[in-house]
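Before any comments, here is the structure.
The values are calculated or read from the model by the stated rules, or taken from the named source; none is laboratory data. Every value quoted in this text rests on a predicted model; they were computed, and no experiment measured them. Here the Cβ positions follow ideal geometry from the backbone for every residue, glycine too, while neighbour counts run over all protein chains shown. We work out accessible area using only protein heavy atoms, side chains counted, and drop any ligands, DNA or RNA first. Shrake-Rupley method; radii C 1.70, N 1.55, O 1.52, S 1.80 Å.
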Amino acid sequence: QTLRQLLAQNKSENNRYQMSSRKLEINEWTIYCVQDKAILLKNVDQIRNMMIAIGILSIAVFSFVAMMLSGTITRPLKKLQELMINGADNGFSQSFDAKYEDEIGLLARCFNEMCIRIQKLMKAVEEEQRQKREAELRSLNAQINPHFLYNTMDCIYWSSMKKGNQEIAEIAINISNIFRLGLNKGKEFTTI
């Protein structure tokens, strides 16, 4: 086909051919290149389809990798959260083992130290309560002893008075008064 026929056919078939031209400077000729668009763009369609497939595959791979990476971060944090929520129920006796020396490892160390401190404080409070109960028992015992002695001296006094022994009665009432002053009606200080 001649160039004119191809040009006419290209116009009538909605640009089925791709035409390009270049003028040579040596002899001032013009070179025309006419190619069928279907053949010319055949590789472009294949490349486009391959790029779409590569894009979809890349998105899938990156999504999977992102889920795996986020799981390595969120999984330990969720475990730490569970330990914190259940900490009071377990008496803060649990600990969190961190594999790495990163922010999560720092959180784990702080959590473990906090649990140890809480356990020590709980033991200290228990010991303090035990000592307080013992002190109260000793205090009650100390109050019972003077009452017992006071009552005993009172019995001696009345027995002495009944038998007419005034000297023993006076000694018993004086010792009884000393015990009464020692009790001081439960107050800590006694005025003289």
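Please count how many residues of region 51-98 are of a type in the set (A, V, I, L, M, F, W, C), modelled with pLDDT under 85 and assigned to a helix (DSSP H, G or I).
The initial filter retains those residues of region 51-98 that are of a type in the set (A, V, I, L, M, F, W, C), namely 51-54, 56-57, 59-62, 64-69, 73, 77, 80, 83-85, 88, 92, 96, 98.
Those still in the list that are modelled with pLDDT under 85 too: 73, 77, 80, 83-85, 88, 92, 96, 98.
So of that shortlist, the ones also assigned to a helix (DSSP H, G or I) come out as 73, 77, 80, 83-85.
Matching residues across region 51-98 total 6.
Yes or no: Ala169 of a type outside the set (Lys, Arg), on the phi < 0 side of the Ramachandran plot, surrounded by 14 or more Cβ atoms within 10 Å (Cβ to Cβ) and modelled with pLDDT of 85 or more? Yes. Among the candidates Asn90, Asn86, Asn141, the residue that is within 30 Å of Ile173 (Cα to Cα), among the polar types (S, T, N, Q) and out of contact with any Asp or Glu (no Cβ under 8 Å at 6 or more places or on another chain) is uniquely Asn141.
Rundown of residues vs (1) among the polar types (S, T, N, Q); (2) surrounded by 11 or more Cβ atoms within 10 Å (Cβ to Cβ); (3) part of a helix (DSSP H, G or I); (4) modelled with pLDDT of 85 or more, yes/no style:
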| position | (1), (2), (3), (4) |
| --- | --- |
| Glu113 | no, yes, yes, yes |
| Glu128 | no, no, yes, yes |
| Glu136 | no, no, yes, yes |
| Leu140 | no, no, yes, no |
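Looking across region 71-103, the residues that are under 10 Å from the mean Cα position of the chain (by Cα) and open to solvent by 50 Å² or more (accessible area, probe 1.4 Å) come down to Leu77, Lys78, Lys79, Gln81, Glu82, Met84, Ile85.
The numbered conditions (1) under 60 Å from the mean Cα position of the chain (by Cα); (2) of a type in the set (D, E, K, R); (3) assigned to a strand (DSSP E or B) are all true for Arg48 except (3).
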